[in-house]
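Novice: Can you keep this structure in mind? I'll have questions shortly.
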Amino acid sequence: RDCNSLPGVPGTCKETFNIYYYESNNNNLWYIKESQYIKIDTIAADESFTQVDVGDRVMKLNTEVRDIGSVTKKGFYLAFQDVGACIALVSVRVYYKKCPLTIRNLAEFPDRVTEGDSSLVEVRGSCVNNSEEYDVPKMHCSADGGWLVPIGRCVCKPGYEEKRDICQPCRPGFYKASSMDAYCMKCPPHSYSHQESSSQCTCEKSYDRADSDPRAMPCTKPPTPPENPISTTNETSLTLEWSPPRDSGGRNDLTYNIHCRMCVGDNRKCSVCGSSLRFIPQQFGLTYTKVLVTDLLPHTNYTFDLEAVNGVSDLSPNPKQYVSVNVMTSQAVNVILKERKSKDSITLAWQEPDRANGVIVEYEIIYYEKNQRDQNYTVLKTKSNSMTVDGLKPGTTYVFRVRAHTSGGRGTYGGEIELETSQEDMLAIDDPNQPTIMAVSVAGGIVLLIFLVTCFVVSGRHCGYIKAKQDPDEEKLQFHHGQVRLPGNRTYIHPHTYEDPNQAVRDFAKEIDASCIRIERVIGGGEFGEVCSGCLKLPGKREIYVAIKSLKAGYSEKQRRDFLSEASIMGQ
C-alpha cells in the first residue's frame, strides 16, 4: 500500500521485502541461521494501492521474476524477509527451464536444465539402437529451453536402414553392406538372404564372390574352357590360337594360362615342361587369344593345356577345365661327322636328320668367330650334306652350326662345333673320299683382292648380291654397303628368302622387354604403322633416344609380313 495513503503515518514507510535462498542436500532442516542465507534480491512493487482503492475494493497485484542461477545441490530453501512494509505475499511459484528430450539425426539428446541468463550449453547425443557414430552428434541448449545448432550425426549399421528416427532391419531378400548406404537393397543376381538385418547376400551353389568384388556385384562362376584351338608348328616353334570361352562366368577379368607337358622317347614318358621354353608374350595371365612358343626340343611330343580363368576360378571346388593341343616337333641337324681345314678354309660334312619333317630342300650353315656372335656372322646355303667354307682368317677359331630346311619349314640349328684354321698352308687329307684341297697362295690372294676392288669400282653399285666360287649346289650371299666385302664381315640375308617372316625375326632380331621402352610422341606415319620417338633404358646401361615403329590395328597379312621383314633387316 502507498505510504502516503496511510493516515497518521508521518514521514516515510517501507514498501519492499527481501528474498533469500539456502542450498542443501537435506530436506528436513528445521533451523537455518540467517547468516547462512544468500540474498537473491530486494523486491519492490511496480504499482501500489491507496485508501481509495481499498474503499473501491480494487486489488492491484505485482509479479516479479528472479533467477537463482546455478544450483549445485539437490535442493534449496527460500526465505522472505518482511521489513515492515504494508504488503501481502499472495503466491510464490518456483520453476526451472529445460531443453526436452529429442532425437535428431539418429542421435538422442536427453532432458537438459538450462543455466539461466543467455548462455548456451553444449550437449552430446547418443546414437539410437542399431546405429553408430558417423560424426560426434552435438546440440546446444539455450536459456529459454530450446535446442539449437545441431552438429554431427549417427548412421544405421550394416543390415539396417533409417525409418522415422529409428534403424529398422532389412527384410529377407534385401541387404545393406555399409553404414554409408542409405537404404537396404535387393540381393544381386545369383545370391539370396533368408534372414533379417543381412549385411550381404549369400551366393547360390556353383557361384562365388571374390574378396575384391563389391557386395552389390552379382555372384559369378569360373569360365568354360577356351574353344577352337589352332596350332601351327614350325619345327621347334609353335603358334597357338583359340577362341574365347562360350561362357565367361559373368565377369570381365578373363585371362588365359598355358600348361605344358612333353613326352620324349618311344615309351612316351611325359613330364612338365621346364623353364627352357619361351612363351611370347607370356605363359600365364594372357589377355590375348594367341601365343608363340619357341625353343621347343626337336622330335618331341608336347601337350599344351589351355585354361581360361577369372577372379573366382580359385574359389571353385570343382576341377579345372582345359582344352588340350598335341604337337610333334621336327628333327634338327645336330651332328657334324667330319671336317677338313686349311689356312683359310674348312670343309664340313653332316648327316641328314633321322626323321625329317618332309623332304629336305636345303641346309643352312651359320658360322662366326668365337665370342663374336653379336658382331659378325655369316649364313651359307647348300643342297648337299657337305660344304667348303673359305675366306677364313688363319689361326682363328670359328663356331659352326647347321640346320635343315624341309618342305615343312626350317628346323633349329644343331649343336655348336668349334674348329680352328691352321697357321700355314697345308694339304688336308682327313678323308680320302673328299677331293684334295690346296691352300691358296699369298700372291693369289693379293690378285683376288685387287680383282674384287676393281669389280667394285667399275660396277659403282652400293649394294648387291655376289655368288661365291663354290660347288654348283652351294649358294653364298654377301652384302656390300658402299665398301669392299672383306673376309669375316657380316653377311646380309634378305628376309624374302624366308617363307616364314617370323623365322627371320627370330634369327636376326632380339626381343626387348616392353617395360624398357617409353613412347613419348608420334613423329610420323607409314604405309602400315606409326613412327614414334622415345627412350630405351636397358638394365645396366644408360638411357638412349630411339625411334619406334609400331604396326597399326586392323593390319592385313601382307602388312604384317612386311613389318616383320623390316624388323629382320634392322636386326642385321
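Novice: Restricting the range 521-572 to residues that are open to solvent by less than 90 Å² (accessible area, probe 1.4 Å) and of a type in the set (Phe, Trp, Tyr), which is nearest to ARG506 (Cα to Cα)?
Specialist: PHE563
Novice: A follow-up question, please. Out of all the residues in the range 96-104, is one or more touching a Pro at 6+ places or on another chain (Cβ under 8 Å) and over 28 Å from LEU29 (Cα atoms)?
Specialist: yes
Novice: Looking at this structure, is TYR37 within 26 Å of SER142 (Cα to Cα), among the aromatic types (Phe, Trp, Tyr) and modelled with pLDDT of 85 or more?
Specialist: no
Novice: Taking the range 286-303, which residues are within 30 Å of THR220 (Cβ to Cβ) and open to solvent by 30 Å² or more (accessible area, probe 1.4 Å)?
Specialist: Answer for the range 286-303, where residues must be within 30 Å of THR220 (Cβ to Cβ) and open to solvent by 30 Å² or more (accessible area, probe 1.4 Å): THR287, TYR288, THR289, LYS290.
Novice: Answer yes if at least one residue in the range 163-180 is buried (at least 20 other Cβ atoms within 10 Å of the Cβ) and either free of Cβ contacts under 8 Å to residues at least 24 places away in the same chain or of a type in the set (Lys, Arg) (or both), and no otherwise.
Specialist: yes
Novice: Could you look through the range 193-207, keep only residues that are assigned to a loop (DSSP other than H, G, I, E, B) and either open to solvent by less than 20 Å² (accessible area, probe 1.4 Å) or of a type in the set (Ser, Thr, Tyr) (or both), and pick out the one that is farthest from PHE279 (Cα to Cα)?
Specialist: SER197
Novice: Within the range 304-336, can you find the residues that are part of a strand (DSSP E or B), open to solvent by less than 40 Å² (accessible area, probe 1.4 Å) and either among the polar types (S, T, N, Q) or at pLDDT 80 or above (or both)?
Specialist: Within the range 304-336, PHE304, ASP305, LEU306, GLU307, ALA308, VAL309, VAL323, VAL325, VAL327 meet the criteria.
Novice: Which number in (1) open to solvent by less than 40 Å² (accessible area, probe 1.4 Å); (2) at pLDDT 85 or above marks the one condition that ARG278 misses?
Specialist: Just one mismatch for ARG278, condition (1).
Novice: Would you point out the residue of the range 87-104, among those that are among the charged types (D, E, K, R) and modelled with pLDDT under 90, that is farthest from LYS14 (Cα to Cα)?
Specialist: LYS98
Novice: For the range 232-252, how many residues meet the condition of being crowded, with 17+ Cβ neighbours inside 10 Å, out of contact with any Ser or Thr (no Cβ under 6 Å at 6 or more places or on another chain) and under 11 Å from ASN310 (Cα atoms)?
Specialist: Count: 1.
Novice: Output the number of the condition that THR224 fails; it satisfies all remaining conditions of (1) on the phi > 0 side of the Ramachandran plot; (2) in contact (Cβ under 8 Å) with a residue 40 or more places away in the chain; (3) surrounded by fewer than 17 Cβ atoms within 10 Å (Cβ to Cβ).
Specialist: Unmet for THR224, out of (1) on the phi > 0 side of the Ramachandran plot; (2) in contact (Cβ under 8 Å) with a residue 40 or more places away in the chain; (3) surrounded by fewer than 17 Cβ atoms within 10 Å (Cβ to Cβ): (1).
Novice: Could you run through the range 253-275 and say how many residues are open to solvent by 50 Å² or more (accessible area, probe 1.4 Å), under 26 Å from the mean Cα position of the chain (by Cα) and under 20 Å from LYS320 (Cα atoms)?
Specialist: Number of matching residues: 2.
Novice: Take residues that are open to solvent by less than 40 Å² (accessible area, probe 1.4 Å) and modelled with pLDDT of 85 or more and tell me which of the strands (runs of 3 or more DSSP E) falling wholly in the range 349-454 contain 2 or more.
Specialist: Output list reads 360-369, 378-382, 386-390, 397-406.
Novice: Among the residues of the range 19-43, which ones are under 18 Å from THR72 (Cα atoms), charged (D, E, K, R) and free of Cβ contacts under 8 Å to residues at least 40 places away in the same chain?
Specialist: The answer is LYS39, and nothing else.
Novice: Of the numbered conditions (1) over 30 Å from THR329 (Cβ atoms); (2) out of contact with any helix residue (DSSP H, G or I) (no Cβ under 9 Å at 6 or more places or on another chain); (3) acidic (Asp, Glu); (4) open to solvent by 30 Å² or more (accessible area, probe 1.4 Å), ASP213 satisfies every one except a single condition; which is it?
Specialist: With respect to (1) over 30 Å from THR329 (Cβ atoms); (2) out of contact with any helix residue (DSSP H, G or I) (no Cβ under 9 Å at 6 or more places or on another chain); (3) acidic (Asp, Glu); (4) open to solvent by 30 Å² or more (accessible area, probe 1.4 Å), ASP213 is out only on (4).
The values are calculated or read from the model by the stated rules, or taken from the named source; none is laboratory data. What you see is a predicted model; the values in this text were computed from it and never measured. Neighbour counts are summed over all protein chains in view; Cβ atoms, including those assigned to glycine, are modelled from backbone coordinates with ideal geometry. Remember, those area values only see protein heavy atoms, side chains included, never the ligands or the DNA or RNA. Shrake-Rupley method; radii C 1.70, N 1.55, O 1.52, S 1.80 Å.
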